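These notes are about the structure you will find just below.
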Amino acid sequence: MINPMQQVVIATRSRSSDAVITALQDAGVLHLKPITGGPLNTGSLTEGDAQSRREDERLLARADSTIAELGSYRPAPTPLPDSGQWAAIVEGAAQPVSVLARNRQELQADADVERAYGDAVRALARMAGPLDRSRRLSLLPFLLQPSDDVAELDAALRETLPERYALATETVGQNRVGLVVTLARERDVARAALGKVRLGELRLPGRFDGMPLGDASAEMDRIKRDGAARQGQLNAERDALAKQHGPALYAVRDALKDRVAVHDVRAVSARGKYSLVMQGFVPVDRVPALNAALGSFGDAVSYELHPVDELHDDTVPVQLKNSDYVSRFSVVMGLLSLPKYGTFDPTWVIAVFFPLFFGIIIADIGYGLLFLWFGMWLLGKARRNEGWDLSFFGAFVPPATLSNLGYVVNVMAAWCIGWGFLTGEMFGTLLEHLHFFYINPELLNNLWGWTGITYVEEAGITHRGLVPILFPRLETAYFSNVALVFSLLFGILQVLWAWGIRVQQGLKHHDSAHVWEGLALFGSTVALICMAFATRAGKDFGQFTNFSSPLVLLMYAGFALFVVGWIIVIKQFPLLPIELMSQGAAVLSYARIFAVGLVSAILARLCTDLGWSLYENIGVLGILLGLLVGVILHFFVLALTLIGHIVQPIRLQMVEFLNPTGFNNDTSPAYNPLRRLSPSTEPSAGQVK
């Protein structure tokens, strides 16, 4: 649910404002809203306040850049030094760290040059020999692509420098390097000949530019030989500096952020010579904390709480407040924008239907156990307070996120295993081959006969096993229609529910246009569903005149509601009939649950059946070979299809369900209260009378 908010206006004396803002930081409940216009000063700070802010921001930027260069994670908390020492602490760490960072950059630049040009420079140095130190001769190195013709260069040089040059080339990797030797005074003539055949002189980057080829080759040999050891030495120095300066640096950085936050609060507040006024929002359940923070100031502070205007104020922040189970799915909700304040929170809907749909699609005990193992691995890392370094994606997943992710994966795994028992699938048909699961024709006819299907047992085939299959989706010859309609029932539920939410939100906000839009499309969706069932998916249009059928009557009532609603909102939504056609498609989109799941099951069955056939045809060797083939194929099938199995349930929630509700049209800012990062060192600072 969306945590209800109240708006608060706080007025205080200028001389008490720093203490009041600090108390609000300690309380950590006030989400500030900038004040614009009015008789008091607003916006950028001036004079002494502006200078103080610039100094604090400069020192904060210095601390941030030093921490970034150290590359360390936050250490254990340490006592905050006296504020008079902050600048010395930051500069004392920044100077050696900046020198170290420069050395690391230079080493990395040298390593990059060696990787890019090392082989070419060595070959050129061999060709040049001692000539690169001659004062009378000049050397022009160049690179040749496979398509370049050295004969063209030789002809150009012969034309401009007859008998006064030497040309040599050598193959290096995929390309060739070359060297032109000429008299020093004719260097430019030789360079012009290179340009004539679309070749350029090889110039080494950085400090290697202008260095003799022999010296450059020797230097690159040294870099290749000693670079790793030097890198390790610099890393050790960085770790030592992080251990020495990190705790105090983090403590000072947090305190500076708190101090800059005080300046930021003053900048978004209304200021006079003797007073300061702030406004913002506070959750209803955190009002007692606000009262406690401001109550100690007595008549030095005056504040007033009043309800928010959710209809016209787009700045009201959103804080989601849900049960522990639902809150864990914040990792999935992170793919969506926050809901608009005053609407509804779909987190619990996603928490219920996303893992359910995923489980129906996979519906395999073996795959479910793999997901369960992965979820437990994630939870284990989270319990050990370890993150997950996904450096190949340029990301790091912190322990708190891993805990939520592991929990969500375990819920998905539970649904996979549960549905796997209903479909009788474990790595496809493995347990069917082992006669653990089996088809019971009589049970299936009793269970699903009301849908009109009948399982006809083939002559000479006996079914035996321990656990009967209750949802045989792999029996496509007779069960596909049941599985398809079962999936579409979720679409009927969610699409109608979504338009119901649209109507409810319209009534709540007194928005008649959205009320009638929702009613029109709710009625038309009901009509389309009734038409599909009454005509048996278009096979019997004669049912349109069968007024004794409740489905036909409900169909006409739904279309009538659509016509009435469209007439009322035709100015706002003239293209509503086009939207009507899309509603049938929205319901049909839920067939993805059936289709994607069936494809997954068929692929899993093929993998297992192939491995099992090797066992049956080869014998003992076939067991090992079949196991190996089955494991490899299952791995590739799961790896190639897993993203689709996750994306499809999310898409059904984000598009088919949330679009009709209007969720994707508007959003609100996240609740981001003013809070302290550093420990409070002055608990009695709020005692101002």
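The values are calculated or read from the model by the stated rules, or taken from the named source; none is laboratory data. Only a predicted model underlies this, so the values are computations on that prediction, with no experimental measurement involved. Cβ atoms come from the backbone with ideal geometry, glycine included; neighbour counts cover every protein chain shown. SASA here: full protein model, heavy atoms, side chains in, ligands and nucleic acids out. Shrake-Rupley method; radii C 1.70, N 1.55, O 1.52, S 1.80 Å.
In whole percent, and with a 1.4 Å probe on the protein chains, what portion of the accessible area of the chain is carbon and sulfur?
Carbon and sulfur atoms account for 60 percent of the accessible area of the chain.
Going through the cross-link list 321/508; 539/571; 257/340; 273/340; 340/381; 33/257, which pairs have a Cα-Cα distance over 26 Å in this structure?
Violating the 26 Å limit, Cα to Cα: 539/571; 257/340; 273/340; 340/381.
Dividing the alpha-carbon Rg of segment 77-154 by 2.2 N^0.38 Å yields what?
2.14
Which value in Å is the Kirkwood Rh of segment 587-685 over different Cα pairs?
18.4
Can you sort 207, 135 by solvent-accessible area, 1.4 Å probe, largest first?
Descending accessible area places them as 135, 207.
For segment 152-232, which semi-axes, largest first and in whole Å, follow from the square roots of 5 times the eigenvalues of its Cα gyration tensor?
31, 14, 11
Only Cα pairs under 8 Å and at least 6 apart count here; give the relative contact order of segment 546-653 as a rounded whole percent.
Dividing the mean separation by the residue count of segment 546-653 yields 20 percent.
So which trypsin sites (Lys or Arg not before Pro) in segment 477-564 pass both tests, a DSSP loop state and at most 14 other Cβ atoms within 10 Å of the Cβ?
Those that pass, being in a loop and sparsely packed, are 536, 539.
If you take every DSSP beta bridge fully contained in the chain, what fraction is antiparallel? Give it as a percent rounded to 5.
Restricted to the chain, the bridges split so that about 90 percent are antiparallel.
Work out which helices of the chain, taken as complete DSSP H runs, extend at least 20 Å along their axis over the Cα atoms and score a mean Kyte-Doolittle of 1.6 or more, then list them.
347-362, 550-569, 620-651
Under a 1.4 Å probe, what is the accessible area of the chain per residue, stated in Å²?
51
Kindly provide the chymotrypsin sites (Phe, Trp or Tyr not before Pro) of segment 529-614 that DSSP labels as loop, not H, G, I, E or B, and whose Cβ sees at most 10 other Cβ atoms within 10 Å.
When the chymotrypsin sites (Phe, Trp or Tyr not before Pro) of segment 529-614 are filtered for loop state and at most 10 Cβ neighbours within 10 Å, 547 remain.
Can you tell me the dipole magnitude for the chain around its Cα centre, using point charges on the Cβ only (Lys, Arg +1; Asp, Glu -1), in Debye to the nearest 20?
The calculation lands at about 1140 debye.
Given contacts defined as C-alpha pairs under 8 Å and at least six residues apart, what's the relative contact order of the chain, whole-number percent?
Relative contact order, the chain: 20 percent.
State the percent of C-alpha pairs, over all pairs in segment 503-640, separated by a distance greater than 27 angstrom.
Here the long-distance tail beyond 27 Å is 51 percent of all Cα pairs in segment 503-640.
Could you order 417, 568 so the one with the most accessible surface comes first? Probe is 1.4 Å.
Largest accessible area first, the list is 568, 417.
Mind jotting down the distance between the C-alpha centroids of segment 162-203 and segment 369-423, whole Å?
60
For segment 108-189, which GluC sites (Glu not before Pro) pass both filters: DSSP loop (anything but H, G, I, E, B) and at most 16 other C-beta atoms within 10 Å?
Here the sparse-neighbourhood loop sites are 163.
Using bins 10 angstrom wide from zero, how does P(r) for segment 242-400 break down, in % of all Cα pairs?
Percent of pairs per bin, in order: 7, 19, 28, 24, 16, 5, 1, 0.
What figure, in Å² to the nearest 10, do you get for the accessible area of residue 312 with a 1.4 Å probe and non-protein molecules left out?
Accessible surface of residue 312 is approximately 150 Å².
What are the semi-axes of the equivalent ellipsoid for segment 272-317, taken as the square roots of 5 times the Cα gyration tensor eigenvalues, largest first, in whole Å?
Each semi-axis is √(5λ); the values are 22, 16, 7 Å.
For segment 306-424, count the residues as N, evaluate 2.2 N^0.38 Å, and divide the Cα radius of gyration by that value, please.
The reported ratio for this selection is 1.28.
If only Cα atoms are counted, what is the Rg of segment 180-311, and what is its Dmax, in Å?
33.3, 91
Round to the nearest 0.05 the FRET efficiency obtained for residue 396 and residue 546 when R0 = 51 Å and r is the Cβ-Cβ distance.
E between residue 396 and residue 546, to the nearest 0.05, is 0.20.
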